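Colleague: What follows is a single structure, and I will ask about it in a moment.
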Amino acid sequence: MTERETTRLVAWSLELRRVHGRLREALSVTRASLAEGAPGEAAARELLLYCHGFCAALDGHHQGEDRTLFPAIAAAHPELRPVLRSLEQDHSMIAHLLGGLRAAVDRAAAPEELGRHLEGIAAIMENHFRYEERQLLTVLETLELAAVPSEVLGPM
């Protein structure tokens with residue numbers, strides 16, 4: 001195996017960490033925008049933009065994992081199928097929570113309600129990311145998957 005091939009193999013674990021880091025940062029920016037709470041139409045539009053951007057990024061990440069990454073892991077490591085099912089269940093729960101946040105943003109809910117949505121998403125998301133990293137990073141260091149990172153881990 002060449003050095004370049006080794007680098008590509010290890011890169012999946014690095015890519016996952018990078019995407020998780022960017023999603024954590026996107027959530028932080030969204031929460032900060034809500035906390036600033038400057039009144040007015042411009043502030044509402046900014047919050048709407050952050051929330052929709054964060055929701056789209058997190059949804060895209062999970063869809064890419066479900067569509068491409070998890071089937072590749074299951075094929076290479078069938079013993080991890082229960083872990084992958086658990087992660088997919090998390091994805092479904094997070095998608096439901098994101099739908100609630102989108103609906104609240106679209107109806108211009110009060111900042112307190114938006115904050116509750118973000119807190120719930122943050123708690124589940126962080127727990128999910130930590131579990132995923134504990135269970136999959138070692139596997140990702142050796143996973144042979146010829147694909148574009150944005151298709152596998154979402155457009156971040």
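The values are calculated or read from the model by the stated rules, or taken from the named source; none is laboratory data. Given the structure is predicted, the values throughout are model-derived calculations rather than measurements. Counting neighbours? That spans all protein chains shown, and the Cβs are built from the backbone with ideal geometry, glycine included.
Colleague: For the stretch 109-118, does any single residue satisfy the condition of being in a helix (DSSP H, G or I), hydrophobic (A, V, I, L, M, F, W, C), closer than 17 Å to residue 27 by Cα and within 12 Å of the chain's Cα centre (by Cα)?
Modeller: Going residue by residue through the stretch 109-118, those that are in a helix (DSSP H, G or I) are 111-118.
Next cut, hydrophobic (A, V, I, L, M, F, W, C) only: 114, 118.
After this cut, where a residue has to be closer than 17 Å to residue 27 by Cα as well, the list is 114, 118.
Then keep just the ones that are within 12 Å of the chain's Cα centre (by Cα); that gives none.
No - not one qualifying residue is present in the stretch 109-118.
Colleague: I would also like to ask the following. Could you please find all residues in the stretch 123-150 being in contact with a Ser or Thr (Cβ under 9 Å, 6 or more places away or on another chain) and either part of a helix (DSSP H, G or I) or closer than 17 Å to residue 52 by Cβ (or both)?
Modeller: Hits for the stretch 123-150 are 131, 133, 135, 136, 137, 138, 139, 140.
Colleague: For the stretch 131-156, what are the residues that are over 19 Å from residue 95 (Cβ atoms) and of a type in the set (D, E, K, R)?
Modeller: Within the stretch 131-156, 133, 134, 141, 144 qualify.
Colleague: From the list 114, 98, exactly one residue is surrounded by 12 or more Cβ atoms within 10 Å (Cβ to Cβ), within 28 Å of residue 148 (Cβ to Cβ), in contact (Cβ under 8 Å) with a residue 40 or more places away in the chain and not basic (Lys, Arg). Which is it?
Modeller: Being surrounded by 12 or more Cβ atoms within 10 Å (Cβ to Cβ), within 28 Å of residue 148 (Cβ to Cβ), in contact (Cβ under 8 Å) with a residue 40 or more places away in the chain and not basic (Lys, Arg) holds for just one of 114, 98, which is 98.
Colleague: Could we say that residue 96 is touching an Asp or Glu at 6+ places or on another chain (Cβ under 6 Å) and part of a helix (DSSP H, G or I) here?
Modeller: For residue 96, the condition - touching an Asp or Glu at 6+ places or on another chain (Cβ under 6 Å) and part of a helix (DSSP H, G or I) - is not met.
Colleague: State whether one or more residues within the stretch 120-134 are out of contact with any Lys or Arg (no Cβ under 8 Å at 6 or more places or on another chain), small (Gly, Ala, Ser) and in contact (Cβ under 8 Å) with a residue 40 or more places away in the chain.
Modeller: So far as the stretch 120-134 goes, no, none of its residues is out of contact with any Lys or Arg (no Cβ under 8 Å at 6 or more places or on another chain), small (Gly, Ala, Ser) and in contact (Cβ under 8 Å) with a residue 40 or more places away in the chain.
Colleague: Of the conditions (1) among the small types (Gly, Ala, Ser); (2) without any contact (Cβ under 8 Å) to a residue 24 or more places away in the chain; (3) under 25 Å from residue 48 (Cβ atoms); (4) assigned to a helix (DSSP H, G or I), residue 74 fails just one. Which one is it?
Modeller: Only one criterion is unmet by residue 74, namely (3).
Colleague: Output the qualifying pairs, or none if there are none: Cβ atoms under 8 angstrom, residues six or more apart or on different chains, first residue in the stretch 1-29 and farther than 20 Å from residue 63 by Cβ and aliphatic (A, V, I, L, M), second residue modelled with pLDDT of 50 or more and surrounded by 12 or more Cβ atoms within 10 Å (Cβ to Cβ).
Modeller: Qualifying pairs under 8 Å: 9/141; 9/142; 9/143; 10/141; 11/149; 29/50; 29/54.
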